[in-house]
Amino acid sequence: MNNKEKTSPFTPGNPVPIELFVGRLDKINELVRYVGQSSSGKQENVFLVGERGIGKSSLASFLRYYVSTKKNMLGIHVFLGRVSTMEEMVRHIFDEILKEAKTQTWYENIAQLFGNRIRQVGLFDISVTFAPPERDLRELVRDFPAALNNLLQKLKEERAGLFIALDDIDALVDNAEFANWYKSFADDIATHYEKFPVFIMLVGLHEKRDILSNIQPSLMRIFRVIEIEKLTDEEVRTFMSQAFGKADVKVEPEAMEWMVDSSSGLPVMMHEIGDATFWADTDGVIDKDDAVTGLLAAAENIGQKYLTPQVYRAIRSQRYMAILRKFGKRKQFISRYFRKRELEVKLTAEEKRVLNNFLRRMKDLGVIESDIEGGVGAYRFVNDMYPVYIWLESTRFERR
């Protein structure tokens, strides 16, 4: 097959397409219950937490699609990136609402609320953006509940409520003003609105939720916390089968098990390994050689894209690679938890001499941390991606 004619079904670094979403059924069912309460008038706040690469954004994207098509709610998924102020957050929210509404027959009904603050953009003015003056943005931050309520009143004949997923919130959460603002927002709704059919979901890391808790401890009582974990091997297998099937590519059983095992239940790994293997194939049939080639290419991509440059260089350095390889020649032997003395017995005399420096360097880089519950000399990788990547890089090193 000519590579120019191929289109990869995998989406590294982006939410998975809705038709390829698998797993999370228990979490979806729980979230759907809360959505149902919102559509009936009860305002709900959810914090979707999980490690990097675990599939939080894909789940949020799937839920937005679900509420839009099955619950008749206006759903938006807002990626805030480096947004760190309340004004920019509110602008992004209303900007997404406008863009979502632009495709609906009732767009003009809510456009009246925005007045001359709407600007036509794109070729032939096919899109819109929310562009109010700074003064208006400050007022919207202060009167956010009232602004949403006015929007709901305009929507009540068309939509059962509003679904808002706020994703990529790292910079926003680091601003102490956000925690205090959100607490006031929730209190205002609880005391002034009998019905407020709005579902808001923050999507972030555990440490970001901890920051909010430290700034405003009472805020945590507002949120229902949904934690997502790794996918099962069967779920990864189903995803791989559907993805390659979508591209009309066959996968031999041994190659499938190699990719499933290497992905370790992490969606970010699934997509990187699947994508690299897809491009390694030349005959429309994925065999073990294709899977191994794809895995080696994926190790390079993952290191460059998801690790900081300092961590990337340290893990790949000859000085530390000899130690890292001792964590296990096979992935199933690599645990997220380890003890110094258990690692030390596998090392050569030279490797033992640099072990303390290695542990100190890995801690400074945020790769490992002390495992308090495990006692003296116990450590843990800060997330599941690190031990899996170390195994991938060790495999790549040996092959090279």
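The table for this structure:
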{"item": "Enumeration of residues in segment 308-326 that are within 26 Å of the chain's Cα centre (by Cα) and either assigned to a helix (DSSP H, G or I) or farther than 22 Å from Asp364 by Cβ (or both)", "result": "Pro309, Gln310, Val311, Tyr312, Arg313, Ala314, Ile315, Arg316"}
{"item": "Only listed residue being assigned to a helix (DSSP H, G or I) and more than 26 Å from Gly274 (Cα to Cα), chosen from Lys305, Lys352", "result": "Lys352"}
{"item": "Test: residue in segment 10-29 that is modelled with pLDDT of 90 or more, part of a loop (DSSP other than H, G, I, E, B) and out of contact with any Cys (no Cβ under 6 Å at 6 or more places or on another chain)", "result": "yes"}
{"item": "Members of segment 167-196 found to be out of contact with any strand residue (DSSP E or B) (no Cβ under 7 Å at 6 or more places or on another chain), part of a loop (DSSP other than H, G, I, E, B) and not hydroxyl-bearing (Ser, Thr, Tyr), listed by number", "result": "Asp174, Asn175, Glu194, Lys195, Phe196"}
{"item": "Residue pairs meeting the criteria (Cβ under 6 Å; at least 6 apart or on separate chains; first under 30 Å from Glu157 (Cα atoms), in segment 197-218; second part of a strand (DSSP E or B) and among the charged types (D, E, K, R))", "result": "Phe199/Glu44; Val203/Asp167"}
{"item": "Gly274 being in a loop (DSSP other than H, G, I, E, B), modelled with pLDDT of 85 or more and under 21 Å from the mean Cα position of the chain (by Cα)", "result": "no"}
{"item": "Filter result for Gly375 (at positive phi and touching a helix residue (DSSP H, G or I) at 6+ places or on another chain (Cβ under 8 Å))", "result": "no"}
{"item": "Qualifying residue in segment 8-24 (condition: touching a residue at least 24 places away in the same chain (Cβ under 8 Å), over 19 Å from the mean Cα position of the chain (by Cα) and more than 27 Å from Met259 (Cβ to Cβ))", "result": "no"}
{"item": "Residues within segment 225-269 that are among the basic types (Lys, Arg) and in a strand (DSSP E or B), tallied", "result": "1"}
{"item": "Selection count, segment 114-130, where residues are aliphatic (A, V, I, L, M) and at pLDDT 85 or above", "result": "0"}
{"item": "Pair list, Cβ under 6 Å, 6 or more apart: segment 78-93 residue on the phi > 0 side of the Ramachandran plot, other residue surrounded by fewer than 21 Cβ atoms within 10 Å (Cβ to Cβ) and acidic (Asp, Glu)", "result": "Gly81/Asp168"}
{"item": "Those residues of segment 47-82 which are more than 22 Å from Arg224 (Cβ to Cβ) and crowded, with 21+ Cβ neighbours inside 10 Å, in sequence order", "result": "Gly53"}
{"item": "Top-ranked residue in segment 3-44 [being in contact with a strand residue (DSSP E or B) (Cβ under 7 Å, 6 or more places away or on another chain) and among the charged types (D, E, K, R); ranked as nearest to Val198 (Cα to Cα)]", "result": "Glu44"}
{"item": "Boolean, Leu202 is under 25 Å from Val35 (Cα atoms), in a strand (DSSP E or B) and either among the polar types (S, T, N, Q) or under 29 Å from the mean Cα position of the chain (by Cα) (or both)", "result": "yes"}
{"item": "Residue among Arg336, Arg330, Arg313 that is under 27 Å from Glu272 (Cα atoms), in contact with a strand residue (DSSP E or B) (Cβ under 8 Å, 6 or more places away or on another chain), at pLDDT below 85 and surrounded by fewer than 18 Cβ atoms within 10 Å (Cβ to Cβ)", "result": "Arg336"}
{"item": "Qualifying residue in segment 183-198 (condition: in contact with a Phe, Trp or Tyr (Cβ under 7 Å, 6 or more places away or on another chain), within 27 Å of Ile28 (Cβ to Cβ) and among the hydrophobic types (A, V, I, L, M, F, W, C))", "result": "yes"}
{"item": "Scope segment 97-107; condition more than 17 Å from Thr69 (Cβ to Cβ) and either without any contact (Cβ under 8 Å) to a residue 40 or more places away in the chain or over 22 Å from the mean Cα position of the chain (by Cα) (or both); matching residues", "result": "Leu98, Lys99, Lys102, Tyr107"}
{"item": "Residue check for Gly294: crowded, with 18+ Cβ neighbours inside 10 Å and either among the small types (Gly, Ala, Ser) or closer than 23 Å to Gly53 by Cβ (or both)", "result": "yes"}
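Let's see how each residue does on (1) β-branched (Val, Ile, Thr); (2) surrounded by fewer than 16 Cβ atoms within 10 Å (Cβ to Cβ); (3) farther than 17 Å from Glu51 by Cβ:
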residue: Ala299; (1), (2), (3): no, no, yes
residue: Arg325; (1), (2), (3): no, no, yes
residue: Phe358; (1), (2), (3): no, no, yes
residue: Arg361; (1), (2), (3): no, no, yes
residue: Gly375; (1), (2), (3): no, yes, yes
residue: Asn383; (1), (2), (3): no, no, no
residue: Val388; (1), (2), (3): yes, no, no
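The values are calculated or read from the model by the stated rules, or taken from the named source; none is laboratory data. In this text the structure is predicted, and so the values were computed from the model without any measurement. Quick reminder, even Gly has a Cβ in these numbers, built from the backbone with ideal geometry, and neighbours come from all protein chains shown.
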